[in-house]
1. Hey, among the residues in segment 64-92 that are surrounded by 12 or more Cβ atoms within 10 Å (Cβ to Cβ) and away from the ligand (no atom under 16 Å from the Cβ), which one's farthest from the chain's Cα centre (by Cα)?
2. What number of residues within segment 31-49 satisfy the criterion of being surrounded by 10 or more Cβ atoms within 10 Å (Cβ to Cβ) and assigned to a helix (DSSP H, G or I)?
3. Report the residue count in segment 2-30 for those that are aliphatic (A, V, I, L, M) and loosely packed, with under 10 Cβ neighbours inside 10 Å.
4. Here is a check on your reading of the model: is Ala59 hydrophobic (A, V, I, L, M, F, W, C), loosely packed, with under 10 Cβ neighbours inside 10 Å and touching a residue at least 40 places away in the same chain (Cβ under 8 Å)?
5. Considering every residue within segment 50-66, establish whether at least one is assigned to a loop (DSSP other than H, G, I, E, B) and in contact with a Gly (Cβ under 8 Å, 6 or more places away or on another chain).
6. Considering only segment 67-87, how many residues are under 30 Å from Cys14 (Cβ atoms), charged (D, E, K, R) and in a strand (DSSP E or B)?
Amino acid sequence: MNMPKEMNRYCPKCKKHTLQKVSIYKAGKRRGSAIGERRHAEDKKGYGGQKFPKLAKPAKTTKKITPIMTCPECKKKWNTHGIRLRKLELVA
Ligand SMILES: [Zn+2]
């Protein structure tokens, strides 16, 4: 799906419509030293570590893509609802 790079949308902070920039949310890099990551690695270690079979055939064929809106006037950013798509392209 194609989406415009800029959209005229309502900004809840400015309480008016502004020409907002659109970008796509990307998950941050996972740190191996984070406590949750270390605990998970410890849980999976040894006999009986894998608690459920690894998914051979995932049920979903698409992933949810979250567009992020940025207001140029107050610089506020917020995520919109995720859309299930194969690919989202930002076009001018
Ligand atoms: Zn604003």
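1. Ranking the candidates gives Leu90 first.
2. Final tally of qualifying residues: 8.
3. Within segment 2-30, residues that are aliphatic (A, V, I, L, M) and loosely packed, with under 10 Cβ neighbours inside 10 Å number 1.
4. When the stated conditions are applied, Ala59 does not pass them.
5. Yes.
6. 1
No value in this document is a laboratory result; all are computed from the given coordinates. None of these values were measured; they are calculated from a predicted model. Note: ideal-geometry Cβ built from the backbone for every residue, glycine included; neighbour counts use all protein chains shown.
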